[in-house]
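Any read-out appearing in this document is the output of simple, stated calculations on the displayed coordinates, not a laboratory observation. Owing to the predicted nature of the structure, the values given are computational and were not obtained by experimental measurement. Cβ sites come from the backbone with ideal geometry, for glycine too, and all protein chains shown count toward neighbours.
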Amino acid sequence: MEALGEKRPAGAVRGFAALLLVLGATSLMNGSIFPQFDAIFMFARDISVTCSAATLLGLGLAAYRAPHLLGHRAVTGSAVACLIGGGIALAIGLAAQSPAALVAGASVVAVGRAAVTVSVGLYLARLAAHGAGLAIAAAYTVQLAASPAAAAVPPQLGTALFLAFPLAALALSAGGARSFFEDSRGRPSPSDMSVTRPASFLAPFSALFGCLLLFQVAFGFALRFDEVAGAPRTSFFSAVPLALVALYVVFSRRRFPADGVVQLSALAVMAGFLLSAQPLLATGGPAADVALLNAGNGLFSMAAQMALVAIAARNPLGAITTVAWGNGVSALGSLVGAAAGMIANGATEGNPLLRAAIPAALLLVFAAYVMVGLKRFTFADAIDGIEPVADEATAPAAAQTPEEAFAARCEAVADEYALTPREAEVFAMLARGRDRSYIEEALVVSRNTVKAHVKHVYAKLGIHSHQELIDLVEG
């Protein structure tokens, strides 16, 4: 077995493809599958989403309390069985217009999709920080840009793709996720370890998960409020802000700007609610309220996924809990928001004044949460606050010398900013206070070569002085 926390080779392109397949299945579900449900049994969609949320929360709780119950083969095999068996029942329910078969099939498929979501999240946690950021930013951008096309997919084709995408995502991600299940074997549960190492594990009701829940309530509301023929309103322009973030990640070697993305997300969501509360501005035009709401929630989902992946990477023993519980809380928030959207739709039919009042009330609640609830919370602090749990069989944290701890920090920074092996050597020497003459002699290279390496290191780290470099390592 590999040492705890050791990264296996994993490709950002593979991670991008796996995540895009999961997100694509979600777009097809909302735009193509769920509208078919309404003609047979309208509550089938809510039951299936509830099953997905319950499965994710159940996996997260099991991984937190009794991780030995979650074998990789059992989880993967169950996911495949659910997707195939549930898919058959779902197809029968749609063809025969059978509510019982439809609910059973959709619910079983939802269980399988939940397991696939965890598998893909764990695979992304195997990537270097920059690679994970690229995969996540690109996948969410493409998904949001293509989501308007989901409603135009023929029903039978949409159903087939909805069932095939998760299976393909599982095939791409299962190998990379395996080590997280193996790491948990023979070790105490995270709930036990968190007693003595509280900074290493996220509590189930931490501020991060509360943030995920409330933002996803806004997403669920946007999904169902003023929906057309059972399908959510969409706009291609929603993807523009996400594309800008993706370009930033591509051309910048700095850390993924999670908190900046969340702030941009909050502005977009509040602007979307404001337009929703002003019918004269929102109707008859290019659905600017929808574009803003979907963009805001897409931005937040991108940042939240990156936060969950980064936390899982810092502590592999808590990775399954973090990914499963985080996605479960998000699904629960979407469910609550969707219910609010449905209630709002029904209320506005009899009283048009509520068409403006309901979004205005949600705007007030959301703004209050952003200004008060998130005043002292940042994603960066949530990630950096997780203390990695070292493999006690090889390198217990308590046994690390100061030099070993310093070397580990240098290695982590080099990995985060995608430094080359030689740049990482130069960076470590600079962090120890070595001058360029020392580096020239130690590496047996010319002065100009050293200058070039130092220049590249400074550029990738986004710094301009030696003191900034030292502060980065110590911070």
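Please get the size of the charge dipole for region 397-474, origin at its Cα centre, with Cβ charges of +1 on Lys and Arg and -1 on Asp and Glu, quoted in debye to the nearest 20.
Values: 9 positive and 13 negative charges, 78 e Å.
Magnitude of the dipole: close to 380 debye.
Using only DSSP helix segments of four residues or longer, with each worth -39500 (n - 2.57), what per-residue ellipticity at 222 nm results for the chain after dividing by its residue count and rounding to 500?
-24000 deg cm²/dmol
Between region 309-343 and region 152-219, how far is it from one alpha carbon centroid to the other, in angstrom?
7
So which trypsin sites (Lys or Arg not before Pro) in region 313-384 pass both tests, a DSSP loop state and at most 15 other Cβ atoms within 10 Å of the Cβ?
Loop-located and lightly packed - LYS375, ARG376.
Take each of the peptides 59-70, 435-446, average the number of other beta-carbon atoms within 10 Å over its residues, and list them starting from the highest.
Ranking the peptides 59-70, 435-446 by packing returns 59-70, 435-446.
Give the angle, between 0 and 90 degrees and rounded to the nearest 10, that separates the Cα long axis of helix 402-416 from the longest principal axis of the Cα atoms of the chain.
On a 0 to 90 degree scale, this one is about 50.
Which of the listed residues, GLY462, GLY433, VAL450, is farthest toward the dipole's positive end in region 397-474, when Lys, Arg count +1 and Asp, Glu count -1 at the beta-carbon?
Farthest along the dipole direction, towards plus: VAL450.
Any idea what the dipole of region 59-185 comes to, in debye rounded to 20, about its Cα centre with Lys/Arg Cβ at +1 and Asp/Glu Cβ at -1?
That gives a dipole near 200 debye.
Please give the helix 258-276 orientation as an angle from the longest Cα principal axis of the chain, in degrees from 0 to 90, rounded to the nearest 10.
Helix 258-276 sits at roughly 20 degrees to that axis.
Just the Cα atoms of region 1-154: what Rg and Dmax do they give in Å?
In Å, with Rg to one decimal and Dmax whole: 17.0, 53.
Evaluate the charge dipole of the chain about its Cα centre and quote only its size in Debye, nearest 20, assuming +1 on the Cβ of each Lys and Arg and -1 on the Cβ of each Asp and Glu.
That gives a dipole near 480 debye.
Whole-Hz Karplus ³J(HN,Hα) for region 137-145, in order, using 6.51 cos²θ - 1.76 cosθ + 1.60 and θ = phi - 60°, x for Gly and Pro?
4, 5, 5, 5, 5, 5, 4, 5, 5
Taking a quarter of the surface of the convex hull around the Cα atoms of region 397-474, what do you get in nm²? Present the calculation step by step, with values, prior to reporting the outcome.
Values: hull surface 20.5 nm².
Orientation-averaged projected area of the Cα hull: 5.1 nm².
May I ask you to give the average projected area over all directions of the convex hull of the Cα atoms of region 10-70, in nm² rounded to one decimal? List each step's numbers first, then the result.
On the way: hull surface 23.2 nm².
Mean shadow area of the hull around the Cα atoms is 5.8 nm².
Could you rank the peptides 72-83, 261-272 by their average count of other C-beta atoms within 10 Å per residue, with the highest value first?
Ranked by mean Cβ neighbours within 10 Å, highest first: 261-272, 72-83.
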